[in-house]
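The values are calculated or read from the model by the stated rules, or taken from the named source; none is laboratory data. Source: prediction; values computed, not measured. With ideal geometry, Cβ positions are generated from the backbone for all residues, glycine too; neighbour counts draw on all protein chains shown.
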């Protein structure tokens, strides 16, 4: 089964727009997840969304709410949140280029592969990749994905481009608060020589295949022993719809206009307004029953 794009849109550099698709470069296959089981019955415990005093509620009756003071909320539906205009939902505009060594590794968060969306986008994509490689720079911009906007970096990666989401400055904890109590004393020379010799002896090329999660291996062994008496539960995964888009560009003309007018911005396409929701049909009031006739005395 082909991988599903994590994000689809366009990279924009001045007047050049490049349709791309972004795919996750990592996966968490080593994690073992456990479910909670009701031991007396052997059945899996499930969770229901409930309202105190009302009990379980229907998913269609749930909206998102922000608590601005205790017990007071402002509520939003999905259409209102989707209508928030943020250009980076569909466009990654490259706004700055920096030397790679200027970025502290603490700021990097998660890697993604970037590929051209179609054959028409490939030429511009290759130009951007090779220009970054020749300049030795990392491109920076901002991109909205899955409910938040990220700082992202772009750098050449083989035939493609590697994108990494990055943390904001207020998300990185400064090291000084943890390291300030460590003394300034120099280590013993003999001990330092022994440590350096040990490092030299164990120096080798990095091979990630040599490392594996030993805790997960131990859990798998334990699970294998338990399978003879345990109960296996299978669940189907729900697939998200695949949304595709395309964009045709005139690369040479756009590059020339970008150089002639470096401050110019590309034209924006008109955004479709979300369709208005139909008002729910009013329920008819039940007919009143006629009062019984009084008996004459």
Residues of region 104-122 being without any contact (Cβ under 8 Å) to a residue 60 or more places away in the chain and either under 30 Å from residue 28 (Cβ atoms) or exposed (fewer than 13 other Cβ atoms within 10 Å of the Cβ) (or both), in sequence order, are 105, 108, 109, 119
Under 9 Å between Cβ atoms, at least 6 apart or on separate chains: pull out the pairs that start in region 52-70 with a residue that is over 15 Å from residue 80 (Cα atoms) and end on any residue that is surrounded by fewer than 10 Cβ atoms within 10 Å (Cβ to Cβ) and modelled with pLDDT of 90 or more. 67/74; 68/74
Kindly provide the set of residues from region 128-157 that are at pLDDT below 95 and over 13 Å from residue 92 (Cα atoms), ordered by number. 146, 147, 148
Could we say that residue 28 is more than 26 Å from residue 77 (Cβ to Cβ), within 29 Å of the chain's Cα centre (by Cα) and surrounded by 10 or more Cβ atoms within 10 Å (Cβ to Cβ) here? no
In region 68-93, residue farthest from residue 156 (Cα to Cα) [restricted to those that are surrounded by 12 or more Cβ atoms within 10 Å (Cβ to Cβ) and under 19 Å from the mean Cα position of the chain (by Cα)]: 87
Scanning region 71-92 residue by residue, those part of a loop (DSSP other than H, G, I, E, B) and free of Cβ contacts under 8 Å to residues at least 40 places away in the same chain turn out to be 71, 77, 84
Could you tell me whether residue 18 is under 30 Å from residue 222 (Cβ atoms) and either modelled with pLDDT of 85 or more or touching a helix residue (DSSP H, G or I) at 6+ places or on another chain (Cβ under 6 Å) (or both)? no
Against the definition (within 27 Å of residue 143 (Cβ to Cβ) and free of Cβ contacts under 8 Å to residues at least 24 places away in the same chain), how does residue 158 come out, yes or no? yes
Being touching a helix residue (DSSP H, G or I) at 6+ places or on another chain (Cβ under 9 Å), surrounded by fewer than 16 Cβ atoms within 10 Å (Cβ to Cβ) and closer than 27 Å to residue 219 by Cβ: is that true of residue 37 here? no
Within the group 96, 101, which residue is loosely packed, with under 13 Cβ neighbours inside 10 Å, part of a helix (DSSP H, G or I) and modelled with pLDDT of 90 or more? 101
Exactly one of (1) surrounded by 10 or more Cβ atoms within 10 Å (Cβ to Cβ); (2) under 34 Å from the mean Cα position of the chain (by Cα) is unmet by residue 207. Its number? (1)
